Structure formats: C-alpha cells, structure tokens
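In what follows, a structure is listed as structure tokens, so that the remarks can point back to it.
Read-outs: derived from the displayed coordinates by stated rules, not from any lab. What you are looking at is a predicted structure, and each value in this text was computed from that prediction instead of being measured. Cβ: placed from backbone, ideal geometry, glycine included. Neighbour counts: every protein chain shown.
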Amino acid sequence: MSAEKIKAYIKSRKSDMIELQKLLTAIPALAPDIGGKGEWQKAEALIAWLDENLISVAKDKGYNATISVIEVPDQRAERGSRPSVICSIDNIDKDNNSSSFWIMTHLDVVPPGEYSLWETDPFSAVVKDGKIYGRGTEDNQQSLVSSIFAALAILELDLELTCSLKLLFVADEEFGNEYGIIALLEQHGELFKEGDVFLVPDGGLPDSSMIEVAEKSLMWLKFTTRGVQCHASRPDLGKNAFVAGSELVVRLASLGEIFSTTNELFTPPFSTFVPSKKMANVPNINTVPGEDVFYVDCRILPEVDLDEVYSKIESICKEVEKKYGVEINIETVHRITSLPTPSDGKLVKALEEAIGEVYGIRAKPMGIGGGTVAAPLRNKGFEAVVWSTVGEMAHQPNEYCLIDNMLRDAEVMALLVSRCHR
Ligand SMILES: [Zn+2]
C-alpha cells in the first residue's frame, strides 16, 4: 500500500527533482587538492533549498527539523574550512536518545577532465532522453536528491517515522574523506550514537542488485632492497639489489597460497597480493644496481589478520636478505582495515525487501575490493551498507543520471526509512 503511494508521490515531484539537480550542477564543489574552492557555495545553496522546501514541511507536520553545518578546518579552501551539512528530522514525541537512520551522500564532485570530450557544458545540467547530463549528476547528486525526496515522501504521506532521520551531505569524499566523514567521526563523535545505521548510496550496479556490506582490508607496501652497486663486469664485487628484489617480488606474489581463506561475498573470493608499481633503477646496462624499489597492493579478506600477513612478509624479507646479503626496508604507504556489516542483519534484510518491491529483483549482499567511504563507519562499529542504482558514469565525460534511477532509488529509500523501527 505505502509502496504505491510513495511511487505516485515521487513521480509527482519529478520536475522538482530535476530542478534541484540543475541547481546543484551549476555550483561545482571542487576540492582544493585540484585547485578548487571546496564545498561552501554548494552547501549554502543546498541549505537554502532545504530550508524552504523540506524543513518547513517537516515543521508543519509536527517534527523537530534542523540543519546544522560541521566545519572542518582546511586553510586551502574558501573560508578556511570544509562544510558538511546535517539535516535532522526528529519525532518530537520520541525521547532524543533514539538512534538515527543516516543517509550519507557527498557534496564534492571530480573535475570535468578533458572539456573537448563533453557534448554539453559539464556545469550546466541538460535533460535529454530520460537522462540528466552534467558533472556530478550521478556521483553523487542522484542519490543526494533521492534522499531528500524520500524524506519529503515520508513527511507528506504521513508515513510513520519512528527513528530520527538524518540526511548527511559530506565534504571531501573524492579526495580521501579526511575533511569529511573521517573528521566527523574522529572530532565530532557526539553526532553519532550507538545503534545508528547508515545507508551510503554511492555505489552499486545498473540493475540495483548489489548491496555492498563488506570490503577487503587494504595494505599498500613499498619495498626497498639495498645491495652494493658495481660494474657489471665485476658482479663479484657488488650485491645485485635487482636480483634479490626479483626473488622477493615472486615470493610476495604467491602469498595467496599461504593466506588462502575464501569468502563468497567477494569477487574474487580470496585475498589478493599484487606487485604493481616498479621504480626504475640504473640508467645503463653495464652497472649492477645497488637499489631496487617496487610496490605491492594487498587486498585482504576481513577475516584474515593484517598483522599476521605483515609479519609473514617480514620473515620472507629476512630470508631474502640472508640469501643475497642485502637490506630490505618495508614502508607502509596505506593501510585500512574494515569490519564487515552483517549480511543477515536487519538493515540488509529491510533494504533487500525494499529493492525487491521497487525494482522487482533480488539484491545480494556483496563485498568489494576495498577503500570505500563506508570503511570508517564500519570500523566505528556502525552498520553501513552501500547501495544505489547507477549507470556507472561516475567520473566520466558526459556523466549522466538516469532519471528513472533517481526516482526509484528515492522510493526504495522512503520504504526503507519508513520501516525502520528503532
Ligand atoms: Zn561518489
């Protein structure tokens, strides 16, 4: 019953959703990392829109509704900070200790890239053939707009809201989250309560079938092997770092035989250890290289202990050091562990059900390769699922959002939130 009403309501707001997309596309929030000013202008336009179109409705319906901005200092950005916006809708009758349902999307966009590859102005949204073209229209404005209209559907249709609904619009997703969700979790922990759950609609498949619940831990390591450089005609006087490094790289590439646990949530269902970047050594052929540098990208199943992997790597290095008389230094470039969200928990089940009703398919909980924005949330003990229905146009020229996806994802979100009983 409510599914039909929600569908009709969302459909009736289609042109408003498109208008909001146009408004947001015209204000690119680009990171200072690539010479942009940050998120302030876009945040302010969004706040003004929410004030006029959402907060007023929520108050009319008897809810407590507020907008707050959390600023994270960043001297490179306009006004010296990066703003994340929280729009809260609370049931006044509820005690304010009840947990929250968060829908987290991001304000920032990536640059357009090569302008000549765009058929339209990337920062002026164009509607054509059921699509909205423009930078950011899919990543992440599609879901941002869906989340707002899902909230409006719940309010206007008088659906029961038993939890506190929080729409969170974060800064700095595209460049590592340090000035966005990570700072919020680390420096503003009071915003979040035990039992809060998160939907992060920033990733998925075109048929809506993927609910990402887990990711592999990520470890990027740099290996520097130091031997003794000498003339290639007298290798007996040196220690060839390239040869020692080559044995090391081959042994590291087969770590998967040692850490061979499998988990069918993931594709591939095992941990991966991939030697990737290799630095140049000597420029000429007649010198025995005294130094060898390469990198390994490790993506490790959540059930495998990263420390155990690391100490195995150390012991392999020791063996190679001994065999070739070289010195090997390991440097951790990047390391993120990630706790999984239970794939049979209430949140995942409710989302599967809502997707089934709207899209008519059976979505599946899955794990992915690692390093997504959900990891810091999961690592703080929150349940977090990543799901949305996308045409996979993120970061590409002629990025577009399929209007149907934006509408139907809003329906799924409204169903999901209206059924959360907390
Ligand atoms: Zn995104």
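Structure notes:
- S124-N379 FRET efficiency (beta carbon distance; Förster radius 41 Å; 0.05 resolution): 0.55
- Calculated mean residue ellipticity at 222 nm for the chain: -9500 deg cm²/dmol, from DSSP H runs with n ≥ 4 weighted as -39500 (n - 2.57), summed, divided by the residue count and rounded to 500.
- Exposure proxy ranking, count of Cβ atoms within 10 Å, fewest first, for I328, I403: I403, I328
- Folded to 0 to 90 degrees: helix 403-418 orientation relative to the chain principal axis, Cα: 80 degrees
- Our summary gives segment 217-336 a relative contact order of 45 percent, counting only alpha carbon pairs under 8 angstrom and 6 or more residues apart.
- Folded to 0 to 90 degrees: helix 2-12 orientation relative to the chain principal axis, Cα: 90 degrees
- By average C-beta atoms within 10 angstrom, highest first, the peptides 364-373, 305-314: 364-373, 305-314
- Taking label points 7 Å from Cα along the Cα-to-Cβ direction, E264 and T332 give a separation of 3.3 nm.
- Taking every alpha-carbon pair within the chain, the share separated by more than 32 Å comes to 44 percent.
- The mean sequence separation of alpha-carbon pairs under 8 Å and at least six residues apart, normalised by the residue count of the chain, gives a relative contact order of 23 percent.
- The smallest convex shape that holds all Cα atoms of segment 145-254, its convex hull, gives 227 Å³ per residue.
- Under a Gaussian network description of the chain, with springs only between Cα atoms under 10 Å, the residue in Q229, Q21, Q396 that fluctuates furthest is Q229.
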